[in-house]
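The block underneath contains the structure these notes are about, expressed in structure tokens.
The values are calculated or read from the model by the stated rules, or taken from the named source; none is laboratory data. Since the structure is predicted, the reported quantities are computational estimates derived from the model, not experimental observations. Counting neighbours? That spans all protein chains shown, and the Cβs are built from the backbone with ideal geometry, glycine included.
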Amino acid sequence: MLDKLLNTNDPNEKWPTEEIVRALGLPVRLRSSIPYHQDQTPRPISLQELFDWVISDEDDPRPGYLISPMLDYRNVGMKGFRETVAILNAAAFHPSIKEIWELKHQKMLRSLRVIGFRAAQFLFCKSLRVSFGAGQQVSC
């Protein structure tokens, strides 16, 4: 399975969640956290979806902040985030897949702080309330 996963050149090819977690050697505690595994009936996940779960393409409006949706899930913290990034960095993916991951990794290296998606939304809404004043309505 690992050979197939590492040699694929299609980032959107779907793989069984359990197999992708096992083949890449991701921490066991993350298995139940991957969004595609939430409902006890694992759905297939692509490498692109996995990469997006680890490091979002969305930019936080504040400079230096990186959004990692995986931090919003249980059993995932900064330790799990760092372990996952290290594993994906060390993986010998096909060059086209490695390039996709490398862009995300470079984005992470340029960031000063990593936060979850929900935290990003909360902090952004909080900053809007401050900039518009406490008496004005701001919907987030």
Inset, instruction - Mind counting the residues in region 68-86 that are within 13 Å of the chain's Cα centre (by Cα) and in contact (Cβ under 8 Å) with a residue 24 or more places away in the chain? - result: 13
Legend entry - Among residues of region 60-103, those that are assigned to a loop (DSSP other than H, G, I, E, B) and among the polar types (S, T, N, Q), counted: 2
Inset, instruction - Using the structure shown, decide if residue 123 is modelled with pLDDT of 90 or more and under 12 Å from residue 65 (Cα atoms). - result: no
Inset, instruction - Could you list all residues from region 46-62 that are in contact with a strand residue (DSSP E or B) (Cβ under 8 Å, 6 or more places away or on another chain), over 18 Å from residue 109 (Cα atoms) and not polar (S, T, N, Q)? - result: 47
Inset, instruction - Would you mind stating whether residue 24 is modelled with pLDDT of 90 or more and either surrounded by 14 or more Cβ atoms within 10 Å (Cβ to Cβ) or within 20 Å of residue 90 (Cα to Cα) (or both)? - result: no
Inset, instruction - Select from region 58-100 the residues that are aromatic (Phe, Trp, Tyr) and in contact with a Lys or Arg (Cβ under 8 Å, 6 or more places away or on another chain) and list them in ascending order. - result: 65
Inset, instruction - Search region 95-117 for residues that are at pLDDT below 90 and pair each with any residue that is surrounded by 12 or more Cβ atoms within 10 Å (Cβ to Cβ) and of a type in the set (Gly, Ala, Ser) when their beta-carbon atoms are under 6 Å apart and the residues are at least 6 apart or on different chains. - result: 114/68
